[in-house]
Structure formats: C-alpha cells, structure tokens
Amino acid sequence: MRVPDTGGGHRHLATRAVGCYPTEPMADSGDELPFAVLSLQTETERNRRAEFARLFRSAAIPEEELLANLGLFMRRQHWARCLFMHDLYRRALDVHGVVMEFGTRWGQNLALFSVFRGLYEPFNYTRHLVGFDTFTGFPGVSPEDGTNPTVSEGAYSVTEGWEQTLEKILLYHEGESPISHLRKFELVKGDVSETLPRYLERHPETVVALAYFDMDIYKPTRDALTSIRPHLTRGSVIGFDEACFAALPGETVALREVLGLGAIRLQRVPYSPTTSFLIWEG
Ligand SMILES: C[S@@+](CC[C@H](N)C(=O)[O-])C[C@H]1O[C@@H](n2cnc3c(N)ncnc32)[C@H](O)[C@@H]1O
C-alpha cells in the first residue's frame, strides 16, 4: 500500500521524480528494519507524519480504551482506504462466493473484510476470505514493472513470521461474530503464480465474489487474473490498487493483457485517487 499523496504533493511530483523512501524506523519503537515501500510524500509530510506516529505510540490512553479511539490517529488517506474496501464489500454483498486478496502484506484489508462480513452477513459462512502473499515481498520483477527503484526483489516484505500474527488477528475478528467455530479465512503463503492454481485445484467449488489486486507488479497480477477468470460470475467485483499508476505500470499492463481495457468498465470512487474497480459482466 502506498502512502497516498496529499493535494500539495502533486506540485512536488511535477518538479521531481517519484520519491522513494524506505519507511523510517520509529525512534522509540525499537524497529530497525527498513522496508522498501513506495511513497509520494514530501519531506515535510514525512517528518510531520513521523512526529504524529510518535505521538500515537506515546499517547497516554489506557490500553482498554486505545483501540476504541484509533480514529484520533487515522488521517484522511487511511479513511479513504477503509471506505473503499467497505464500498467494494457492499457492492459484492449480493454476489455468491468468496473474497480474495492478492497481496495482503500486513493484512488490514482482510481484517476489514472480516469485520464487514460480521456486520452485513454474519451468518454467511460460505463467504470465505483468502489472502495470498509471499510474506517476503516481491519475489522478482519484470521489464513491464518500469524503473522505479522501489520495484525490486524483496520490496514490501514484512517482519518474519508475520503471517502467524495475522492468523491470530483474523481469528480474533472471526470470534467477534456468530458461527466462529467455522474457520472462514485462509492465508496462502508463497508466489501466487504457483499457489493460486494449486489452491483452485484443491477448491474447484470456488466462485470469486470479490477479488482485490494489490501485488503492484506485472507477472503475479497477470497470472492471478488468468487463474480466477473462470471462477468469476456476473457481478463479481474486482478491485485494483495500482491501475493507471505511473510508478507501478505492471498492474495495468496485466489488466490490459488479460481482460482488455475495452472489454471492462474501470470505475472509481471520488475520495480515493489511485484505486479502481470493475464489475465483471462476463
Ligand atoms: C503493496 S503490498 C500489499 C499491501 C496490502 N494489500 C495493504 O493494503 O496493506 C504488495 C504485496 O504483494 C505481495 N506480492 C508481490 N508479488 C507477489 C507474488 N508473486 N505472490 C504473492 N504475493 C506477492 C508482496 O509480498 C506484498 O506484500
């Protein structure tokens, strides 16, 4: 996930190539790991946000009230992402099938989808959530992915063993809703070009109601789109994180090759500049 630009950032972009900053370790977090992620923020924004993140880490809110007050720290761009995921989920509500995310990383979208399932269709135990990721970042890149320096092997990795923590988080969310004795999510670790065909072989019953593409790069996006195509039904919702995004061209190239831009209607919502979606019409 990119940190979306603010309004003022466009001027910055026009005068300088797309910025590429590794995430700053937080001064008081003890976190020394540099994760290569693409960001369009200005230096000023970066410093301001780092300061705000420190304020979050040090906020003297009692533990039992902290999570109930996260809205204090979520900025416009964070809300845009959550609202977009909500929008996609709402659009897929009357479509039978599972939800897949390609490129889960820390897994926030899966957690959101789990919460939305609990809110809108708590008894729909067929609405499985399936997250695909290497959990070690990009396994490799292709010429179609352009020349931005962030686009390199290992970018967007997570801390070692994060998938086990994510399992616990998703189990927790499942436990807050009915029918929690039935496990309704799965994390599939590995290169999606290999893991998704195997998953679909194991699950020939799969209908994809909602798929979110956020792997950023060409080859896995192409392969995953190709693999899920026979599992789509009219009305299936497919979301994209990076369509028409110059710093990461590979996702759009894959979309063009597999589905064809003229054969779909790529739509957007007003509050989110980079995300898009289509409703599959067969
Ligand atoms: C931008 S991050 C995803 C961000 C996440 N969806 C979010 O909203 O926070 C891109 C993810 O795609 C994953 N990825 C890239 N290529 C992949 C591949 N071939 N197979 C599986 N995962 C891949 C990376 O490991 C990384 O976690």
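Observations, loosely collected:
- Listed conditions (1) in contact with a helix residue (DSSP H, G or I) (Cβ under 6 Å, 6 or more places away or on another chain); (2) part of a helix (DSSP H, G or I) are all met by E167, apart from (1).
- Complete set of residues in the range 154-164 that are within 14 Å of the ligand (Cβ to nearest atom) and assigned to a loop (DSSP other than H, G, I, E, B): G154, A155, Y156, S157, V158, T159, E160
- Within the range 210-245, the residues that satisfy the criterion of being hydrophobic (A, V, I, L, M, F, W, C) and either within 13 Å of the ligand (Cβ to nearest atom) or at pLDDT below 95 (or both) are A211, F213, M215, I217, A224, L225, F240, F245.
- Of all the residues in the range 26-53, those that are more than 24 Å from the chain's Cα centre (by Cα), of a type outside the set (D, E) and at pLDDT 90 or above number 3.
- Number of the exception - H203 against (1) touching a residue at least 12 places away in the same chain (Cβ under 8 Å); (2) under 26 Å from A92 (Cα atoms): (1)
The values are calculated or read from the model by the stated rules, or taken from the named source; none is laboratory data. Since this is a predicted model, take the numbers as computed values, not measurements. Cβ sites come from the backbone with ideal geometry, for glycine too, and all protein chains shown count toward neighbours.
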